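In what follows, a structure is listed as structure tokens, so that the remarks can point back to it.
The values are calculated or read from the model by the stated rules, or taken from the named source; none is laboratory data. Because the structure is a prediction, the values reported are computed rather than measured. Quick reminder, even Gly has a Cβ in these numbers, built from the backbone with ideal geometry, and neighbours come from all protein chains shown. Heavy atoms of the whole protein, side chains included, go into the accessibility calculation; ligands, DNA and RNA do not. Shrake-Rupley method; radii C 1.70, N 1.55, O 1.52, S 1.80 Å.
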Amino acid sequence: MARDGACRGGVVRRASGRLAGWRARGVWLERDARSFASSATARDGSDDDDGDDDGGDSASGRGSGKSSKAKRVTSRESLRRLMDMRDPAAWYPLARSMRREITLHVGPTNSGKTHAAMERLKQAASGVYCAPLRLLAWEISESMNAVGVACTLVTGQEIREAPNARHVSSTVEMSDVSSVYDCAVIDEVQLLSDPHRGYAYTRALLGLAAIELHLCGDPRVVPLVKKIVESTGDLLTVKEYERLSPLEVSSEIVKSVKDVREGDALVAFSRADVYKMKRELEKKSNFRACVIYGALPPEARSRQALLFNKPESGYDVLIASDAIGMGLNLNVRRVIFTTMSKFDGVGTRHLEAPEVRQIAGRAGRYGLDYAGGGSVTTMKRSEHKILVNALEGELKPLDSAGIAPSLEQVEEYCAIHRGASLLEALQALSNKAKLASHYRMRNMSEPIAVAKMLKKFPLALEDQFTFAIAPVDVKDPMVCAALLTFVKTFCTHGRVGVRLISLPPPRTPKNPIQLQKLESAHKCLDLYLWLARKLPKAFPEPELADAYRTATATAISAGLQFLSTISDEKNGRKEFDGDTSYLSKSAVKRAFNAAKVAIENIEEERARAGLPRIDQAERAVRFSDFKWTNGGKTNDEATKLSSRIPKSKSSRVSDAKHPNDQLDASPPPPSGPTKKSFVAKRSFAKPSWL
Ligand SMILES: Nc1ncnc2c1ncn2[C@@H]1O[C@H](COP(=O)(O)OP(=O)(O)OP(=O)(O)O)[C@@H](O)[C@H]1O
């Protein structure tokens with residue numbers, strides 16, 4: 001209880017040094033809180049084991065039997081407590097020491113609920129905005145800074161500090177539950193129920209220590225939030241909103257791309273379909289199309305949105321996947337569903353009503369050109385009825401919020417079951433934990449699949465856990481290969497250079513295949529940056545990775561512009577006279593040159609410090625032991641990992657929730673390669689692949 005007292009004292013004193021909170025204390029409080037519930041007993045139990053081994057009991061068979069029975073009882077009790085996750089609210093003592101005023105803003109898309117919450121946030125002396133996407137976290141930090149509210153950006157990959165900032169814009173996974181804020185906003189709170197990311201929303205909702213907490217989401221979330229708030233003892237007010245501009249279902253079916261008009265957004269559900277539609281449109285009409293889909297880096301998505309929104313850009317039509325459903329303010333007149341079905345990793349299914357509403361709601365955005373009224377329709381007459389039903393019917397309320405096992409719980413499980421692996425711990429915690437009826441365990445198929453692959457590596461438990469929860473697009477073999485390369489190099493050298501990733505040449509991509517390679521490279525660099533934040537000593541080149549990432553995103557954006565098959569003459573528009581400097585071929589070259597300069601600077605610094613050149617050793621791994629790409633063929637192990645992810649119904653990943661958006665996964669584990677990892681390395685035999 002002494003620790004509890006310390007936490008509570010911290011509230012009154014008001015936490016200082018918020019960024020330090022992320023870096024050092026973010027996990028501590030959760031760990032601390034859980035220890036009230038369970039860890040003490042577990043630790044005591046294992047200490048007893050040691051005592052018994054060299055104690056007098058060994059001389060007496062009877063005494064020893066009694067003591068091992070006692071140990072078994074203690075272990076069972078520890079396990080029972082560990083598996084009892086019915087009250088996650090108790091994991092956040094700082095937030096529990098307050099009576100927060102929670103306002104739940106609910107309404108359809110484009111009803112001004114986020115706007116209302118953001119107005120409160122701007123007025124507060126200190127605050128935090130928790131975004132569902134990195135793109136949105138960036139946009140909010142920029143818009144806050146633009147109106148004079150200094151706001152720092154925190155995502156899984158980067159921290160951009162604004163001088164004297166008392167406001168923070170972060171992705172929900174990175175929300176800081178260890179500091180006290182005057183105001184906090186959680187956007188798109190209905191994602192509480194998302195099978196993959198819901199746990200991060202639960203953590204933010206239960207853990208944010210904000211005097212005023214604003215939740216924005218769709219009305220389906222009301223009963224669930226009420227239920228959760230019952231357990232926290234906070235004050236809850238629900239505010240309902242109506243759409244600010246009308247949205248009608250148009251009876252006009254868009255039978256072919258010839259019927260497409262300026263301001264239309266065509267929605268398809270795969271990258272291939274997006275490009276197919278773009279080719280067809282540009283062949284048969286005078287329109288040029290922007291594209292937006294989940295695998296595009298946030299910067300590229302934002303630039304495509306900018307081109308589409310600017311009337312003089314020559315890009316009048318948008319072709320997008322369901323990635324447009326969230327986070328972009330798009331000047332859309334009409335949303336056209338090219339299909340009402342999508343492949344979700346298991347099979348082809350009809351779109352669910354909430355998905356349809358989220359996407360359709362992009363038309364007629366308040367404050368933009370078509371605010372007078374947006375419309376929505378389909379390309380197939382047979383699917384029009386599905387659209388109408390999806391928009392008109394009652395929606396089922398959400399009934400459960402996500403929860404995920406933490407590193408501390410995994411460690412505790414392994415302490416109780418001596419010798420248990422990460423895989424066993426994850427499987428047991430995700431299958432056997434006892435939860436209240438309004439919580440459900442996060443879909444663990446991806447971390448479990450990665451944990452299986454990691455079993456053969458000599459890693460400490462904590463490092464294994466970090467790699468297992470790393471945000472990896474498991475559908476992309478190049479990214480899976482990058483993860484394996486990183487793990488292997490980490491085990492052999494303890495230090496991982498960014499140039500292990502074979503970057504495509506600094507050229508504007510000429511076709512969707514070249515573009516796809518750049519997209520994959522961008523995801524690998526994102527992964528490196530994420531790991532660099534968790535294990536900074538082992539991944540020492542975040543600046544370099546960031547320089548490459550910027551260059552790659554620039555090349556992708558330029559590629560998207562130059563991929564248009566339609567000429568300016570045919571388009572009848574003059575060149576976009578806005579800021580296109582970042583899109584030109586020379587800008588791409590400049591960005592790649594900046595990356596080269598960054599490499600040289602890093603090497604010079606290392607030479608001055610008497611350190612060996614980075615990567616000499618890592619290069620050896622890359623060229624001999626591990627071909628992660630070879631003439632376009634991907635590494636076998638990576639393909640295996642990619643194919644091992646069970647395609648269960650619950651593992652559906654909508655393109656709107658593309659792993660690119662999820663690159664912040666899970667709360668940050670303590671940073672730096674742990675001492676334990678090196679202890680572990682020494683105690684393991686040389687791995688067979690060396
Ligand atoms: N009172 C207002 N004054 C000016 N602009 C507003 C106001 N309310 C909303 N807006 C603008 O209307 C648009 C939609 O608002 P907002 O994003 O808050 O809606 P929302 O209900 O959160 O929708 P979504 O869930 O689709 O993001 C935004 O561009 C926002 O800036």
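What number goes with the only condition from (1) under 30 Å from residue 415 (Cα atoms); (2) open to solvent by 10 Å² or more (accessible area, probe 1.4 Å) that residue 136 does not pass?
(1)
Within the stretch 295-315, does at least one residue satisfy the condition of being on the phi > 0 side of the Ramachandran plot and outside the structural domain of residue 516 (by TED's automatic domain parsing)?
Residues of the stretch 295-315 that are on the phi > 0 side of the Ramachandran plot, as a first pass: 314.
Applying the additional criterion that residues be outside the structural domain of residue 516 (by TED's automatic domain parsing) yields 314.
Checking the stretch 295-315: at least one residue is on the phi > 0 side of the Ramachandran plot and outside the structural domain of residue 516 (by TED's automatic domain parsing).
When you go through (1) closer than 19 Å to residue 241 by Cα; (2) outside the structural domain of residue 328 (by TED's automatic domain parsing); (3) open to solvent by less than 40 Å² (accessible area, probe 1.4 Å) one by one for residue 371, which number turns out not to apply?
Exception for residue 371: condition (2).
Scan the stretch 71-123 residue by residue and report those that are without any contact (Cβ under 8 Å) to a residue 40 or more places away in the chain and away from the ligand (no atom under 16 Å from the Cβ).
Across the stretch 71-123, the qualifying residues are 71, 72, 73, 74, 76, 77, 80.
Is it the case that residue 168 is within 16 Å of the ligand (Cβ to nearest atom), surrounded by 24 or more Cβ atoms within 10 Å (Cβ to Cβ) and over 20 Å from residue 443 (Cβ atoms)?
No: the conditions fail for residue 168.
Is it true that residue 357 is within 21 Å of residue 245 (Cα to Cα), open to solvent by 10 Å² or more (accessible area, probe 1.4 Å) and in a loop (DSSP other than H, G, I, E, B)?
no
Inspect all residues belonging to the stretch 330-348 and state whether any of them is open to solvent by less than 30 Å² (accessible area, probe 1.4 Å) and in a helix (DSSP H, G or I).
no
Report whether or not residue 161 is open to solvent by 10 Å² or more (accessible area, probe 1.4 Å) and either at pLDDT below 95 or on the phi > 0 side of the Ramachandran plot (or both). Outline the logic, then answer.
Working: open to solvent by 10 Å² or more (accessible area, probe 1.4 Å): yes; either at pLDDT below 95 or on the phi > 0 side of the Ramachandran plot (or both): no.
No.
Scanning for something within 14 Å of the ligand (Cβ to nearest atom), in contact (Cβ under 8 Å) with a residue 12 or more places away in the chain and over 22 Å from the mean Cα position of the chain (by Cα), does the stretch 147-160 turn up at least one residue? First the steps, then the outcome.
Of all residues in the stretch 147-160, those within 14 Å of the ligand (Cβ to nearest atom) come to 147.
Now restrict to residues that are in contact (Cβ under 8 Å) with a residue 12 or more places away in the chain: 147.
Checking the rest, the ones that are also over 22 Å from the mean Cα position of the chain (by Cα) come to 147.
Looking for residues that are within 14 Å of the ligand (Cβ to nearest atom), in contact (Cβ under 8 Å) with a residue 12 or more places away in the chain and over 22 Å from the mean Cα position of the chain (by Cα), one finds at least one in the stretch 147-160, hence yes.
Please specify each residue of the stretch 124-146 satisfying the condition of being touching a residue at least 24 places away in the same chain (Cβ under 8 Å) and farther than 13 Å from residue 188 by Cβ.
124, 125, 126, 127, 128, 134, 138, 139, 141, 144
Go through (1) assigned by TED's automatic domain parsing to the domain that holds residue 117; (2) buried (at least 21 other Cβ atoms within 10 Å of the Cβ); (3) out of contact with any Leu (no Cβ under 9 Å at 6 or more places or on another chain) and name the single condition residue 235 misses.
Failing condition for residue 235: (2).
Restricting attention to the stretch 364-401, and to residues there that are aliphatic (A, V, I, L, M) and closer than 15 Å to residue 265 by Cβ, which single residue is nearest to the ligand (Cβ to nearest atom)?
Top of the filtered list is 368.
If a residue must be closer than 16 Å to residue 266 by Cα and either at pLDDT below 95 or touching a Lys or Arg at 6+ places or on another chain (Cβ under 9 Å) (or both), how many such residues does the stretch 330-356 contain?
Going residue by residue through the stretch 330-356, those that are closer than 16 Å to residue 266 by Cα are 330-342, 351, 355-356.
Next, only the ones that are either at pLDDT below 95 or touching a Lys or Arg at 6+ places or on another chain (Cβ under 9 Å) (or both) stay: 330-335, 337-342, 351, 355.
Count: 14.
Residue 241: among the hydroxyl-bearing types (Ser, Thr, Tyr), closer than 25 Å to residue 166 by Cα and either modelled with pLDDT of 95 or more or surrounded by fewer than 22 Cβ atoms within 10 Å (Cβ to Cβ) (or both), yes or no?
no
Could you look through the stretch 116-133, keep only residues that are more than 24 Å from the chain's Cα centre (by Cα) and among the hydrophobic types (A, V, I, L, M, F, W, C), and pick out the one that is surrounded by the most Cβ atoms within 10 Å (Cβ to Cβ)?
The residue in question is 124.
Of the conditions (1) within 20 Å of residue 218 (Cβ to Cβ); (2) away from the ligand (no atom under 16 Å from the Cβ), residue 188 satisfies every one except a single condition; which number is it?
All conditions pass for residue 188, except number (2).
Please find, within the stretch 311-350, the residue that is farthest from residue 361 (Cα to Cα) out of those that are away from the ligand (no atom under 16 Å from the Cβ) and of a type in the set (D, E, K, R).
312
Give me the strands (runs of 3 or more DSSP E) completely within the stretch 214-308, filtered to those with at least 3 residues that are within 16 Å of the ligand (Cβ to nearest atom) and touching a strand residue (DSSP E or B) at 6+ places or on another chain (Cβ under 7 Å), ordered by residue number. Walk me through how you get there before you give the answer.
Values: elements: 235-240, 247-249, 264-267, 289-292.
Answer list for the stretch 214-308: 235-240.
Name every residue in the stretch 262-277 that is touching a residue at least 60 places away in the same chain (Cβ under 8 Å) and open to solvent by less than 10 Å² (accessible area, probe 1.4 Å), in order of residue number.
263, 264, 265, 266, 267, 268
For the stretch 128-140, does any single residue satisfy the condition of being at pLDDT below 95 and of a type in the set (Lys, Arg)?
Checking the stretch 128-140: at least one residue is at pLDDT below 95 and of a type in the set (Lys, Arg).
Among what's in the stretch 491-511 and is open to solvent by 10 Å² or more (accessible area, probe 1.4 Å) and assigned to a helix (DSSP H, G or I), pick the residue that is modelled with the lowest pLDDT.
Looking at residues that are open to solvent by 10 Å² or more (accessible area, probe 1.4 Å) and assigned to a helix (DSSP H, G or I), I get 499.
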